Amino acid sequence: METPFPFSQYVTGKNFVGRKADVTLLGNLLAQGEHVALSSPPKSGKTSLVQQTLFQMRLSGTPFTVGQLSCLNIRSTQDFLLRLGSTIVRMVASTPDEYSAVVKSFLEGTHFVFDPAAFAEREEVVSLGWELDGDDIRAMLSFPFRLAKERNIRLILIADAFHCTALMDNPDELLRPLDESLRHAREVGERGFSYLFLGSGVNAMHQIFAGSRLFSQDVERMSLSPIPDAEMAAHVIKGFLSSGKVMDLKLMEGACRLFDGHPWYINHFAAICDSMTRGFIPEAVLIDALDCLVSVHEPRFARMMASLTTHQVNMLRATLEGVTRFSSAEVIRRYDLHSSANVKRVKDALMKKEILSFEREEAPRILDPLFAYWVKKYYYEITA
């Protein structure tokens, strides 16, 4: 059943709110053959932005073929390359005979093959006939560029959850040759294929694309623009009006500020409000809906806090209380952070766990707005 507050899937069209400049920017980059890394916290609207952008590109008449692979469960270079090859082949072929022809044409001389038995058993389009070597890695990473050039087509590959490549035993085994393949494509003018790297690990994506000296000239980094509270609130109010319900605009703007414009949380919150009322939606319903939403996520938040050391817990509290200079003697003493060297270790640990972000030396930011609300009110019991 259609709902005015979808939160279980990406949104486009009338349900897509804000970020028009992001759609224009991303569309222009992809149309020009650029590679893009888009990072933001989980469920904050990356996929919706991408799908809205592709929709607008199609409307404008831009020809392209898009494919998608998930890096969520990839833990080795071999896993990534096999999935990359299978995805690219499926973008231009649709039958086993066609799969075999593409693999033979573009991956001849490597250990990559089309194995009919593997395809019949696991629907595996590209298999390895022998142990992976450096030539195989380079051949597979150049494959989509060569394919796009020979067939004179535009290919866009969405590499979702790309931050998970940081969890590989040896990420450089993949990332360095990937960087080399992008640099080579730029130098020879091959712009028919574009990667769109998506990642919910904000700090991991920053480390991959900015902190490692890789991809600096060949991948454009993007983050999601904030959705203004007034715009998001007006969108939600319109959704309520479609079902004959009324809510005070200022109350909804306050809720949007609490969720820091996070569309997934806001839509889930609005759906709960919608289910609890028949007409006017008073402030008491908003409070009950917030309690319901918190109760859904509280076990996850409690597990997050249980995974932290005492020093990490103390730094998180300091962040909530507005501290920005953690290495000062007064802050170290007040929050029992032990030493300035320990402060760096604690910061790195909280960033690795994707709880805090310190990108560009800015003031620390808790990445999950509902977690920030819960940990302040229920864990630390801070009332100010």
Pairs to check: 43/347; 149/352; 238/352; 250/377. Give those whose C-alpha atoms are more than 28 Å from each other in this structure. 149/352; 238/352
With a ≥ b ≥ c taken as the square roots of the eigenvalues of the C-alpha gyration tensor of the range 1-153, please select rounded if a/c is under 1.5 and otherwise prolate if a/b is larger than b/c or oblate if it is not? prolate
Once you keep just the Cα pairs under 8 angstrom separated by 6 or more residues, what percentage relative contact order results for the range 247-356? 17 percent
The answer for the chain, counting only DSSP H helices whose Cα atoms cover 30 angstrom or more along the axis and whose Kyte-Doolittle average is 0.0 or greater, is 283-306
Per residue Cα convex hull volume for the range 240-384, in cubic angstrom? 119 Å³
Leaving out same-chain residues fewer than 8 places away, which aspartates and glutamates sit with a Cα under 20 Å from that of residue 376? 260, 288, 291, 298, 321, 336, 354, 368
Among 27-33, 363-369, 266-272, what's the highest-first ranking by average C-beta atoms within 10 angstrom per residue? 266-272, 363-369, 27-33
Under 8 Å for C-alpha pairs, at least 6 residues apart: give me the relative contact order for the range 307-379, rounded to a whole percent. 26 percent
Would the chain count as rounded, prolate or oblate if I go by the C-alpha gyration tensor, calling it rounded below 1.5 in a/c and otherwise prolate when a/b exceeds b/c, oblate otherwise? oblate
Please list, in chain and number order, the residues 5+ apart from residue 124 or on another chain whose amide H is under 5 Å from its amide H, with Hs placed from the backbone. 119
Computed from every Cα-Cα pair in the range 117-223, P(r) in 5 Å bins starting at 0 and rounded to whole percents is 2, 10, 18, 22, 20, 16, 8, 3, 0
Least to most buried among 265, 379 (fewest other Cβ within 10 Å first): 379, 265
The chain, helix-only ellipticity at 222 nm - DSSP H runs n ≥ 4, -39,500 (n - 2.57), divided by all residues, nearest 500: -16000 deg cm²/dmol
Amide H to amide H, which residues 5 or more places from residue 68 or on other chains are under 5 Å from it, using H placed in the peptide plane? 158
For the chain: relative contact order, % (alpha-carbon pairs under 8 angstrom, 6 or more apart): 19 percent
Which order do 330, 173 fall in if you start with the one that has the fewest other Cβ atoms within 10 Å? 330, 173
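Any read-out appearing in this document is the output of simple, stated calculations on the displayed coordinates, not a laboratory observation. Quick caveat, the model's predicted, so the values are computed rather than measured. Neighbour counts run over all protein chains shown; Cβ positions are idealised from the backbone, glycine included.
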